[in-house]
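J.: Just passing along the structure, written as structure tokens.
The values are calculated or read from the model by the stated rules, or taken from the named source; none is laboratory data. Keep in mind the model is a prediction, meaning the values are calculated, not measured. Because the Cβ atoms are built from the backbone with ideal geometry, glycine has one as well, and the counts that use them run over all protein chains shown. What goes into the accessible areas is simple: the full protein's heavy atoms, side chains included, and nothing from ligands, DNA or RNA. Shrake-Rupley method; radii C 1.70, N 1.55, O 1.52, S 1.80 Å.
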Amino acid sequence: MNLALFTYHVGKLLMGYLLCLIFGRIFVGATINRCFMGTAPDAGQLMALLLKLSNAKKTIEVGVYTGYSLLLTALNIADNGKIVAVDPDRKAYEIGLPFIKKAEVEHKIEFIESPALPVLDKLLEDPWNKGTFDFAFVDADKHNYWNYHERLLELVKIGGLIIYDNTLWGGTVAWPEEDVPPPKRGIRESALAFNKAIANDSRVLISVASIGDGFTICMRAH
Ligand SMILES: C[S@@+](CC[C@H](N)C(=O)[O-])C[C@H]1O[C@@H](n2cnc3c(N)ncnc32)[C@H](O)[C@@H]1O
Ligand SMILES: O=c1cc(-c2ccc(O)cc2)oc2c(O)c(O)ccc12
């Protein structure tokens with residue numbers, strides 16, 4: 001990577017970070033210093049379309065943060081639809097909660113403050129949950145995506161959808177490792193391993209949409 005490109009990327013990151021701090025303080029009264037973590041709006045639009053097209057009612061979200069994708073899901077499922085939304089960070093969820101309330105969709109959400117793996121395992125203990133979810137969205141700790149995949153495949157119905165965010169990780173999955181800034185290398189490795197594994201998984205059909213930060217759209221085939 002040449003120096004100009006590197007300076008451009010670092011400058012963009014610093015400017016985004018500063019704007020997050022300033023606007024977070026002014027508008028929300030709290031420091032939202034990781035606002036870059038929200039799902040990209042173009043990817044969000046695709047997700048809204050898929051929720052509507054698939055007529056999703058019973059859904060799971062792994063990784064809520066301040067609730068952009070959660071609100072989007074709540075707005076695009078039926079009024080009697082449900083979202084099991086899991087994140088260990090309740091404080092972040094509570095920053096977005098006033099917007100969820102204003103949109104009058106809070107009744108669709110069961111927020112569970114916890115890491116997701118034990119919650120998914122608990123759901124799987126009840127055989128009535130197996131094969132009953134229409135839709136799942138995964139946007140959490142990237143090194144656990146395969147662990148989520150194994151569990152979610154048992155929870156979603158045949159024909160149900162699972163979307164994984166950040167599977168292109170800023171495009172770095174296609175770069176030579178030496179061009180990738182060291183802080184991005186760990187998640188890049190996880191993304192590469194996940195992408196390879198899911199591409200070889202005969203239980204699913206997938207499409208990697210190069211939208212936002214990379215959306216792997218996955219349908220349980222059998
Ligand atoms: C990228 S953010 C989610 C963004 C959100 N989907 C949106 O559109 O605004 C990632 C979230 O994953 C959560 N997270 C990290 N480890 C987790 C885990 N083990 N289980 C569930 N959520 C986790 C973090 O607390 C963080 O809120
Ligand atoms: O920069 C990030 C970091 C994450 C992230 C890292 C570690 C975790 O346990 C959870 C999330 O997620 C991101 C993300 O989803 C995104 O769209 C952009 C950036 C990041």
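J.: Any idea how many residues of region 110-131 are within 23 Å of Tyr93 (Cβ to Cβ) and of a type outside the set (A, V, I, L, M)? Full working, then the answer.
T.: Initial filter on region 110-131 (within 23 Å of Tyr93 (Cβ to Cβ)): 110-123, 129.
Among the residues that remain, those that are also of a type outside the set (A, V, I, L, M) are: 110-111, 113-115, 118, 121-122, 129.
Of the residues in that region, 9 qualify.
J.: Report the residue count in region 133-160 for those that are of a type in the set (A, V, I, L, M), within 16 Å of ligand 1 (Cβ to nearest atom) and farther than 14 Å from Ala116 by Cβ. I'd like the intermediate steps shown before the answer.
T.: Taking region 133-160 first, the residues of a type in the set (A, V, I, L, M) are 136, 138, 140, 152-153, 155-156, 158.
Now restrict to residues that are within 16 Å of ligand 1 (Cβ to nearest atom): 136, 138, 140, 152, 155.
Applying the additional criterion that residues be farther than 14 Å from Ala116 by Cβ yields none.
Total satisfying the criteria: 0.
J.: Go through region 107-122 and report how many residues are touching a Pro at 6+ places or on another chain (Cβ under 7 Å) and open to solvent by 70 Å² or more (accessible area, probe 1.4 Å).
T.: We begin by selecting, within region 107-122, every residue touching a Pro at 6+ places or on another chain (Cβ under 7 Å); these are 113-115.
Those still in the list that are open to solvent by 70 Å² or more (accessible area, probe 1.4 Å) too: 113, 115.
Final tally of qualifying residues: 2.
J.: Since Trp128 meets every condition but one in (1) open to solvent by 60 Å² or more (accessible area, probe 1.4 Å); (2) under 26 Å from Asp213 (Cα atoms), which condition does it not meet?
T.: Unmet for Trp128, out of (1) open to solvent by 60 Å² or more (accessible area, probe 1.4 Å); (2) under 26 Å from Asp213 (Cα atoms): (2).
J.: If a residue has to be open to solvent by 60 Å² or more (accessible area, probe 1.4 Å) and more than 9 Å from ligand 1 (Cβ to nearest atom) to count, how many in region 82-106 make the cut?
T.: As a first pass, look at region 82-106 and keep what is open to solvent by 60 Å² or more (accessible area, probe 1.4 Å): 82, 88, 90-91, 94, 98-99, 101-102, 104, 106.
The next check asks that each one be more than 9 Å from ligand 1 (Cβ to nearest atom); those that pass are 82, 90-91, 94, 98-99, 101-102, 104, 106.
The total comes to 10.
J.: Continuing with the same structure: For region 177-190, check the following and say yes or no: at least one residue is open to solvent by less than 20 Å² (accessible area, probe 1.4 Å), hydrophobic (A, V, I, L, M, F, W, C) and in contact (Cβ under 8 Å) with a residue 40 or more places away in the chain.
T.: Within region 177-190, none of the residues are open to solvent by less than 20 Å² (accessible area, probe 1.4 Å), hydrophobic (A, V, I, L, M, F, W, C) and in contact (Cβ under 8 Å) with a residue 40 or more places away in the chain.
J.: Keeping to region 152-187, report how many residues are under 22 Å from Leu51 (Cβ atoms) and β-branched (Val, Ile, Thr). Even if it seems obvious, please write down each step before you answer.
T.: Initially, region 152-187 is screened for residues under 22 Å from Leu51 (Cβ atoms), giving 152-168.
Right, trim to β-branched (Val, Ile, Thr) and you get 156, 158, 162-163, 167.
Within region 152-187, residues that are under 22 Å from Leu51 (Cβ atoms) and β-branched (Val, Ile, Thr) number 5.
J.: Sort out which residues of region 66-81 are open to solvent by 20 Å² or more (accessible area, probe 1.4 Å) and either in contact with an Asp or Glu (Cβ under 7 Å, 6 or more places away or on another chain) or among the polar types (S, T, N, Q) (or both), and write them in order of number.
T.: Thr66, Asn76, Asn80
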